[in-house]
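The next block holds one structure in the form of structure tokens; read it before the comments.
The values are calculated or read from the model by the stated rules, or taken from the named source; none is laboratory data. Computed from a predicted model, the values in this text were never measured in an experiment. For neighbour counting, all protein chains shown are included, and Cβ atoms are generated from backbone atoms with ideal geometry for every residue, glycine included. For accessibility, only protein heavy atoms count, side chains too; no ligands or nucleic acids. Shrake-Rupley method; radii C 1.70, N 1.55, O 1.52, S 1.80 Å.
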Amino acid sequence: QRVAIARALAMEPRVLLYDEPTSALDPSMKNEVLQTLKRIDATGVTQVVVTHDMESAFRIADRLAMLRAGQIVAEATPEVFRNLSDPYIQKFLAGEPFEEEVA
């Protein structure tokens, strides 16, 4: 992951897009990748991270957005996001299954 990030940074991008950058990593490597993303953030490069790893998202994000059926259903700072009252979001954050209503 770090090599891929370094390769992308060599292009001097203004925006970096990541798809599950910490998936399949052991805790030590996961932490290294998250620290790398934090260092990149300090340079002013915009980063968009797609992840199901909410623990990591809360550690590194300035803003969080949740998609459901291709639509943004919530967008907020991490502090506000944790306290949203939407049942779907609360169950997702708690790691609980969410039964979809069938129309």
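A cut-off of 5 Å between modelled amide H atoms, ignoring neighbours fewer than 5 places along the same chain, links Gln47 with Leu16.
Accessible surface comparison of Phe81, Phe98, Phe58, probe 1.4 Å, protein chains only, largest first: the order is Phe98, Phe58, Phe81. Taking the accessible area of the chain, probe 1.4 Å, and keeping the other protein chains in place, the carbon and sulfur fraction comes to 53%.
P(r) tail, the chain: Cα-Cα pairs separated by more than 20 Å, 44% of all pairs. Among beta bridges from DSSP that stay inside the chain, the antiparallel ones total about 50%. The accessible area of Asp19, taken with all protein chains in place and a 1.4 Å probe, comes to roughly 120 Å². The label-point distance for Val3 and Gln71, in a model that sets each label 7 Å from Cα toward Cβ, rounds to 4.3 nm. Taking every protein chain into account, the accessible area of the chain amounts to 71 square angstrom per residue (probe 1.4 Å). Along the stretch 29-36 the Karplus relation, 6.51 cos²θ - 1.76 cosθ + 1.60 evaluated at θ = phi - 60°, assigns HN-Hα couplings of 5, 4, 4, 4, 5, 5, 5, 4 Hz to successive residues, with x for each Gly and Pro. The listed residues Ile72, Ile60, Ile40 rank as Ile72, Ile60, Ile40 when sorted by accessible area, largest first, using a 1.4 Å probe. Around the amide H of Arg68, modelled in the peptide plane, lie the amide H atoms of Val73, all under 5 Å away and 5 or more residues distant in sequence or on another chain.
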